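Take a look at the structure below.
The values are calculated or read from the model by the stated rules, or taken from the named source; none is laboratory data. Not measured: the values here are computed from a predicted model. Using ideal geometry, Cβ is built from the backbone for each residue, glycine included, and neighbour counts are taken over all protein chains shown. Note: accessible area is taken over every heavy atom of the protein model, side chains too, but ligands, DNA and RNA are not part of it. Shrake-Rupley method; radii C 1.70, N 1.55, O 1.52, S 1.80 Å.
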Amino acid sequence: MSEFQGIHEECGVFGLFSNNQTDAAGMAYYCLYALQHRGQESCGIVVNHDGLFYSHKDLGLVSEVFVPETMQKLPQGKIAVAHCRYGTTGGTNRANCQPLEVNHIKGKLALAHNGNLSNAFELRQELEMGGAIFHSTSDTETIAYIVTQKRIHSASIEEAVLEAMKELEGAYSLVMMSPTKLLAARDPHGFRPLCYGRTEDGIYVVASESCALQSVGAKLVRDIEPGELVVFSDQGVQSLKQQVGTKERTNCIFEYIYFARPDSVLDKISVHAARKRAGAVLYERDTYDADAVIGVPDSGLDAAMGYSEAATRAGKKQIPYNLGFIKNKYIGRTFISPGQDNRVSQVHIKLNPIEEEVRGKRIILVDDSIVRGTTCAQIVKLLRDAGAKEIHMRISSPPFMNPCYYGTDVDSRENLIACKHSVEEIAEIIGADSLMYLPLEALPVLCGHDQICTACFSGKYPTRIPTDTRKDRFETPLSQSEKGAKGKGQQE
């Protein structure tokens with residue numbers, strides 16, 4: 001569980017290419033299920049059957065949107081793209097559901113996007129001044145427009161995408177489907193993950209995380225390189241690297257801290273191992289003794305385990321890793337709730353402390369982040385009420401200090417608790433006996449290199465800061481009113 005209240009996570013993208021007709025929708029369904037942690041707002045699947053696109057998209061979870069009768073209406077196909085969304089640019093409405101479908105003189109295109117363009121506002125303004133009419137408030141439509149423009153004057157769809165990549169700034173991992181090809185592209189900085197694998201019967205699968213490949217029996221082939229465009233067609237797999245190395249590589253460090261599933265491997269780095277290393281760093285810098293270390297489910301568990309194992313390796317008093325909470329697996333992540341009252345009540349519904357593991361003990365409590373402090377305070381109180389003697393909060397990331405323009409929905413500093421209070425003050429606010437963050441300089445230890453984006457912690461941005469940073473900058477009265485509308489399959 002994250003401390004993220006009103007701060008959204010990433011999207012999940014999926015693509016499939018087969019030389020034969022296959023149950024592409026079924027495979028997309030299972031992969032979206034595996035990527036559900038990356039977005040619970042909406043989802044969609046587009047299947048290519050002999051050049052014709054069949055799709056279904058709606059608000060809600062994968063299991064709510066793709067009920068059996070809906071799945072039966074999607075035909076078999078050789079190519080498919082799919083998406084689960086938690087948007088950082090654009091409102092919650094059906095118009096923003098992906099994959100986005102485009103019809104133009106050079107053929108159809110379906111596109112799914114994970115990330116956020118830092119120059120989306122300027123690009124959209126330029127397009128609108130040229131007569132473009134937008135139907136959504138997502139910057140994904142901007143990408144689709146630019147690719148379509150380039151396609152008119154290009155010999156192939158891949159040539160068009162390479163030209164479009166020259167104009168796009170910021171974070172984008174894309175899967176695109178033409179009538180005959182599947183394309184996967186990653187921005188030259190490599191902010192967001194993207195990889196592909198292959199099943200035993202030769203089906204290629206592209207996904208945001210390697211955990212999704214495993215869900216359909218595909219083995220990881222490799223990560224797509226930052227700036228690379230990979231084309232899957234009847235002619236095989238083609239790698240186009242014209243944009244590789246044109247920008248400094250800066251993988252998002254928060255993918256390892258929180259976004260990705262722990263069983264995923266991103267750019268050859270195990271997420272589980274990275275989080276354990278964060279816990280080990282916390283132990284090495286700690287000065288408090290304790291009786292047990294407890295992780296906040298889910299993304300605090302690995303770091304808590306690493307903390308305990310580091311204590312054992314140090315040869316000092318062992319600090320056992322205890323299961324301090326039982327999580328109700330049927331409750332969504334806390335920050336999804338629309339209001340503060342719901343968030344607070346969901347903490348109690350979602351987590352139950354195990355009193356036998358905490359009563360009378362000095363507890364090291366590990367979580368991935370603190371943003372506003374409210375959820376964290378509720379969790380600390382749960383342990384207090386269960387009889388914990390002391391609670392020392394340990395955070396496996398540095399303090400959140402700056403907006404993110406690359407896909408994490410932090411668009412200002414005003415709601416970040418670390419921008420207003422000292423570490424000691426935050427400890428008092430959340431009710432902990434002490435508080436310690438992971439040091440900023442320790443972040444490269446997590447993934448073994450320093451080619452990472454730490455802007456949300458350090459304020460050092462690898463791209464130009466956007467001229468317009470409002471997340472609602474594309475909103476219209478219509479899309480604002482649609483925010484409250486509950487469509488079929490939308491979460492209550």
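What to note about this one:
- Each of the peptides 440-447, 279-286 was scored by the mean count of other Cβ atoms within 10 Å over its residues; in descending order, highest first, they stand as 279-286, 440-447.
- Label-point separation, Leu323 to Asn352 (7 Å along Cα→Cβ), nm: 1.3
- The local environment of Leu100, defined by Cβ-Cβ distances under 13 Å, has a net charge of +1 under the rule Lys, Arg +1 and Asp, Glu -1.
- From its DSSP helices (H runs of at least four residues, each -39,500 (n - 2.57)), the chain gives a residue-normalised ellipticity at 222 nm of -7500 deg cm²/dmol.
- Here the relative contact order of the chain, from alpha carbon pairs under 8 Å that lie six or more residues apart, stands at 17 percent.
- Peptides 216-225, 38-47 ranked from most to least packed by the mean count of surrounding Cβ atoms within 10 Å: 38-47, 216-225.
- Computed label-point distance, nm, for sites Asp385 and Asp201 using a 7 Å Cα→Cβ extension: 5.2
- Evaluated over the stretch 396-465, the Cα radius of gyration and Dmax, each in Å: 13.3, 40
- Coordinate range of the alpha-carbon atoms in the stretch 36-130 per principal axis, descending: 42, 34, 17 Å.
- Positive-end residue of Gly300, Ala160, Cys419, charge dipole of the chain with Cβ unit charges: Gly300
- Helix 120-129 vs. the chain, principal-axis angle (Cα, 0 to 90°, nearest 10): 30
- Cβ-Cβ FRET estimate between Leu52 and Ser156, R0 fixed at 25 Å, reported to 0.05: 0.75
- The Ser412 and Thr467 beta-carbon pair, evaluated with R₀ = 22 Å, returns a calculated FRET efficiency of approximately 0.90.
- Helix 374-385 vs. the chain, principal-axis angle (Cα, 0 to 90°, nearest 10): 40
- Overall, the accessible surface of the chain at a probe of 1.4 angstrom is composed of carbon and sulfur to the extent of 49 percent.
- Extension gain for the segment Val221 to Lys460, taken as residue separation times 0.36 nm less the Cα-Cα distance, is 82.8 nm to one decimal.
- Among 392-405, 62-75, the order from most to least packed when residues are scored by Cβ within 10 Å on average: 392-405, 62-75
- Dipole magnitude (debye, nearest 20) for the chain, charges at Cβ of Lys, Arg, Asp, Glu: 320
- FRET efficiency for Asp289 and Met401, using Cβ-Cβ distance with R0 set to 45 Å, rounded to 0.05: 0.90
- Calculated accessible area for the chain comes out at 39 Å² per residue, all protein chains present (probe 1.4 Å; ligands, DNA, RNA ignored).
- Overall, the anisotropy analysis places the stretch 47-86 in the oblate class: the square-rooted eigenvalues a ≥ b ≥ c of its C-alpha gyration tensor yield a/c not less than 1.5, with a/b not exceeding b/c.
- Treating each Cα of the chain as one equal point scatterer and applying the Debye formula with no solvent, the log10 of I(q)/I(0) at q = 0.09 Å⁻¹ comes out as -0.60.
- Averaging the sequence gap over all C-alpha pairs within less than 8 Å and six or more residues apart, then dividing by the number of residues, gives the stretch 200-325 a relative contact order of 18 percent.
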